[in-house]
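J.: To start, I am sharing the structure in question, which I have written as structure tokens.
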Amino acid sequence: MKLIDTIYINGRFVTPHGTERFTLVDPVTEREAAHVVLADEVDAENAVAAASAAYRALAGSSREQRMDWLARLHEVVAQAEEELIATMIEEYGGPQAICTATSRRAAASFDQARTLLADYQFERRVASARVRMEPLGVVGLITPWNANYGMICSKLAMAIAAGSTAVIKPSELSARQTALLTRVLHRAELPSGLFNILTGRGDVVGAAFVRHPRIAKISFTGSTAVGKSIVRGSADTFKRVTLELGGKSPTILLDDADFEKAMPLVAAAATMNSGQACLAGTRLLVPRSRLQEAEQGIATAFERLTVGDPRDPATRIGPMVTATQYRRVQDYIRKGIEEGAALLVGGPGLPAGLERGYFVRPTVFSNVHNDMTIAKEEIFGPVLSVIAYDEEEDAIAIANDTIYGLHAYVFSGDVARANRVARRIEAGRVFINGLYDEPMAPFGGFKQSGLGREFGVFGLEEYLEPKTLLGYEQPL
């Protein structure tokens, strides 16, 4: 049985002060896979102290120094790609494709931050003033289990580019991935205390970061419920916060769309990362006049999805991360049936041929109304709701009738029309006629999908404060 019993503070692997043990379970076999000794409030305090000392020591670090640190981080993470992928598959159960993409994105985030840093203007003239963009200080980075490497690296890259130091609390469900990634990052030989990594509970270590007076900012990716608690907890110290939270993203098929071409993309959007993705397109809005065609097309696309061993390259949907998450998704499927939705594909229980593991049958409901539970709440599993609309205006209204606003998808045979509809969707990102990736563009949500943005120049400036200087050329 693997034991993870160190955390990373001030450039060293140390034994946690915390003594609580957490058991990791393999989501494919349902067998215990590792034990983790969790950090506690004392460890959090020690990490903040190390980051604070490092910030004072590194204050005024040059652009060139930070670019060098980012280059070294990119190199070590890229070199470890195969090991990172294998560990993510083993611990998380993610299919090969998503684990490969996550590992590569993790490495690339450092290179992208370095490219951005090379040309960013930290000082600029605004009318008669000089405006300097200055680092915040110590930042707390709290990351989720569904994209562990990518979230840690992208947040850390921006903190370093801005000139801050970091304390990082990844999810305890990703402890094996975190332990490996920490060893990899350590190989870059960065200054001690520049980043510190503690695996611990959100209500212990995360809460300690949120209320700590020496942490200037929290960047959190996770559920909307936890995001609200972070906002409340940050109020006393007026921390800056960036929150990337939940979603219930609409996919709009306009009546002139090519359904045959669109349906595989719709299925991919709905089930990306085994459905455990905040930007998954889990509400499919289709014209009522083409409802039957849409039902047949999406049912066929879902039936073609391979569920099973994530080590198999053919697998598109792996297990849910834990038994708790599996039960949550099963409860939503049963709720959909109870509320009168029509089950097109899937349903409760394990997929055919699988006797164990936290696997969910890819499920499509039709005859769904936007006030049903499965249409309103984030399920975080491979479950899609088909909702019929009458006119374009109706589709836009249904798409926006949600507390969330993270992502959306629009398909149309008329590009100008698709763009017109996309502009009216209340979401931080909208994909038109496809699935894309642009890591330099801002990512974040409207409404209860978050605050602030990540990635690119918008993400960098979330870690900077503008300071205005006036009279700086006037002698006394």
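The values are calculated or read from the model by the stated rules, or taken from the named source; none is laboratory data. Values in this document were obtained by computation on a predicted structure and should not be read as measured data. Positions of Cβ are backbone-derived with ideal geometry, glycine not excepted, and every protein chain shown enters the neighbour counts.
J.: Restricting the search to segment 204-225, which residues are under 19 Å from the mean Cα position of the chain (by Cα) and either surrounded by fewer than 19 Cβ atoms within 10 Å (Cβ to Cβ) or in a strand (DSSP E or B) (or both)?
T.: Lys217, Ile218, Ser219, Phe220, Thr221, Ser223, Ala225 - these are the residues of segment 204-225 that are under 19 Å from the mean Cα position of the chain (by Cα) and either surrounded by fewer than 19 Cβ atoms within 10 Å (Cβ to Cβ) or in a strand (DSSP E or B) (or both).
J.: Let me ask something else. Do we have Arg420 as without any contact (Cβ under 8 Å) to a residue 24 or more places away in the chain, closer than 26 Å to Val266 by Cβ and of a type in the set (Lys, Arg) here? Spell out the reasoning first.
T.: On the way: without any contact (Cβ under 8 Å) to a residue 24 or more places away in the chain: yes; closer than 26 Å to Val266 by Cβ: yes; of a type in the set (Lys, Arg): yes.
Yes.
J.: Another question about this same structure. Looking at segment 292-321, I want the residues that are not assigned by TED's automatic domain parsing to the domain that holds Ala277 and have a partner that is at pLDDT 95 or above and in a helix (DSSP H, G or I) with Cβ atoms under 9 Å, at least 6 apart or on another chain. Which pairs are those?
T.: The qualifying pairs do not exist here.
J.: I'd like the full set of residues that are in a helix (DSSP H, G or I) and not polar (S, T, N, Q), limited to segment 330-349. Spell out the reasoning first.
T.: Taking segment 330-349 first, the residues in a helix (DSSP H, G or I) are 330-338.
Within segment 330-349, Asp331, Tyr332, Ile333, Arg334, Lys335, Gly336, Ile337, Glu338 qualify.
J.: In the set Val131, Val167, which member is within 29 Å of Tyr92 (Cβ to Cβ), of a type outside the set (Ser, Thr, Tyr), assigned by TED's automatic domain parsing to the domain that holds Gly202 and not in a loop (DSSP other than H, G, I, E, B)?
T.: Values: Val131 fails: within 29 Å of Tyr92 (Cβ to Cβ).
Being within 29 Å of Tyr92 (Cβ to Cβ), of a type outside the set (Ser, Thr, Tyr), assigned by TED's automatic domain parsing to the domain that holds Gly202 and not in a loop (DSSP other than H, G, I, E, B) holds for just one of Val131, Val167, which is Val167.
J.: Can you tell which of Glu426, Glu454, Glu392 is more than 27 Å from Ala341 (Cα to Cα), modelled with pLDDT of 95 or more and either outside the structural domain of Val126 (by TED's automatic domain parsing) or within 17 Å of the chain's Cα centre (by Cα) (or both)?
T.: Working: Glu426 fails: more than 27 Å from Ala341 (Cα to Cα); Glu392 fails: more than 27 Å from Ala341 (Cα to Cα).
Checking each option against the conditions leaves just Glu454.
J.: Can I ask one more? Determine, yes or no, whether Gly434 is buried (at least 18 other Cβ atoms within 10 Å of the Cβ), touching a helix residue (DSSP H, G or I) at 6+ places or on another chain (Cβ under 8 Å) and within 24 Å of Gly246 (Cβ to Cβ). Spell out how you get there, then give the answer.
T.: Values: buried (at least 18 other Cβ atoms within 10 Å of the Cβ): no; touching a helix residue (DSSP H, G or I) at 6+ places or on another chain (Cβ under 8 Å): yes; within 24 Å of Gly246 (Cβ to Cβ): yes.
It is false that Gly434 is buried (at least 18 other Cβ atoms within 10 Å of the Cβ), touching a helix residue (DSSP H, G or I) at 6+ places or on another chain (Cβ under 8 Å) and within 24 Å of Gly246 (Cβ to Cβ).
J.: Still on this structure, please answer the following. Taking Ile403 and the conditions (1) part of a loop (DSSP other than H, G, I, E, B); (2) without any contact (Cβ under 8 Å) to a residue 24 or more places away in the chain; (3) not small (Gly, Ala, Ser), which numbered condition does it fall short on, given that it satisfies the others?
T.: Condition (2) is where Ile403 drops out.
J.: Only one of (1) assigned to a helix (DSSP H, G or I); (2) in contact (Cβ under 8 Å) with a residue 60 or more places away in the chain fails for Asp236. Which number is that?
T.: It fails just one condition, (2).
J.: All but one of (1) closer than 26 Å to Thr224 by Cα; (2) in a loop (DSSP other than H, G, I, E, B); (3) under 27 Å from the mean Cα position of the chain (by Cα) hold for Arg311; which doesn't?
T.: Unmet for Arg311, out of (1) closer than 26 Å to Thr224 by Cα; (2) in a loop (DSSP other than H, G, I, E, B); (3) under 27 Å from the mean Cα position of the chain (by Cα): (1).
Conditions tested, residue by residue: (1) buried (at least 21 other Cβ atoms within 10 Å of the Cβ); (2) over 21 Å from Asp258 (Cβ atoms); (3) β-branched (Val, Ile, Thr); (4) touching a strand residue (DSSP E or B) at 6+ places or on another chain (Cβ under 7 Å).
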{"residue": "Ala397", "(1), (2), (3), (4)": "no, yes, no, no"}
{"residue": "Thr402", "(1), (2), (3), (4)": "yes, yes, yes, no"}
{"residue": "Gly413", "(1), (2), (3), (4)": "no, no, no, no"}
{"residue": "Ala416", "(1), (2), (3), (4)": "no, no, no, no"}
{"residue": "Arg423", "(1), (2), (3), (4)": "no, yes, no, no"}
{"residue": "Val430", "(1), (2), (3), (4)": "yes, no, yes, yes"}
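J.: Let me ask you something else. Going residue by residue through segment 151-162, is there one that turns out to be surrounded by fewer than 24 Cβ atoms within 10 Å (Cβ to Cβ) and at pLDDT 95 or above? Walk me through how you get there before you give the answer.
T.: Within segment 151-162, the first condition is being surrounded by fewer than 24 Cβ atoms within 10 Å (Cβ to Cβ), and the residues that meet it are none.
No, there is no match, as no residue in segment 151-162 is surrounded by fewer than 24 Cβ atoms within 10 Å (Cβ to Cβ) and at pLDDT 95 or above.
J.: Give segment 185-203 a look and list any residue that's part of a loop (DSSP other than H, G, I, E, B), in contact with a strand residue (DSSP E or B) (Cβ under 7 Å, 6 or more places away or on another chain) and hydrophobic (A, V, I, L, M, F, W, C), or say none.
T.: First, the residues of segment 185-203 that are part of a loop (DSSP other than H, G, I, E, B): 187-194, 198-201.
From the residues that got through so far, the ones that are in contact with a strand residue (DSSP E or B) (Cβ under 7 Å, 6 or more places away or on another chain) too are 193-194, 198-200.
Passing the criteria: Leu194, Leu198.
J.: Given (1) under 21 Å from the mean Cα position of the chain (by Cα); (2) more than 18 Å from Tyr92 (Cβ to Cβ), where does Gly381 come up short, assuming only one miss?
T.: Failing condition for Gly381: (2).
J.: Any chance you could count how many residues in segment 326-350 are in contact with a Pro (Cβ under 7 Å, 6 or more places away or on another chain) and surrounded by fewer than 15 Cβ atoms within 10 Å (Cβ to Cβ)? Outline the logic, then answer.
T.: Just the residues of segment 326-350 that are in contact with a Pro (Cβ under 7 Å, 6 or more places away or on another chain), to begin with: 330, 333-334, 345-346.
Of the ones still in play, those that are also surrounded by fewer than 15 Cβ atoms within 10 Å (Cβ to Cβ) are 334.
Qualifying residue count for the region: 1.
J.: Take the residues in segment 117-128 that are in a helix (DSSP H, G or I) and out of contact with any helix residue (DSSP H, G or I) (no Cβ under 6 Å at 6 or more places or on another chain), then tell me which one is farthest from Thr165 (Cα to Cα).
T.: From segment 117-128, those in a helix (DSSP H, G or I) are 117-119; that's our starting set.
Applying the additional criterion that residues be out of contact with any helix residue (DSSP H, G or I) (no Cβ under 6 Å at 6 or more places or on another chain) yields 118-119.
Values: Ala118: 19, Asp119: 21 Å.
Among them, the one singled out is Asp119.
J.: Please work out which residue is surrounded by the fewest Cβ atoms within 10 Å (Cβ to Cβ), limiting yourself to segment 245-275 and to residues that are among the hydroxyl-bearing types (Ser, Thr, Tyr) and more than 17 Å from Gln296 (Cα to Cα).
T.: Thr271
J.: Ok, one more. Could you say whether any residue in segment 55-63 is crowded, with 22+ Cβ neighbours inside 10 Å and within 22 Å of the chain's Cα centre (by Cα)? Explain how you work it out, then say what you get.
T.: Restricting attention to segment 55-63, the residues satisfying the condition of being crowded, with 22+ Cβ neighbours inside 10 Å are 55.
If we keep only those that are within 22 Å of the chain's Cα centre (by Cα) as well, we get none.
No - not one qualifying residue is present in segment 55-63.
J.: Of all residues in segment 170-184, which are buried (at least 24 other Cβ atoms within 10 Å of the Cβ) and not in a helix (DSSP H, G or I)?
T.: Within segment 170-184, Pro170 is the sole residue that qualifies.
J.: Next question. Working only within segment 353-393, note down all residues that are touching a residue at least 40 places away in the same chain (Cβ under 8 Å) and on the phi > 0 side of the Ramachandran plot.
T.: Result: Gly353, Gly357, Phe380.
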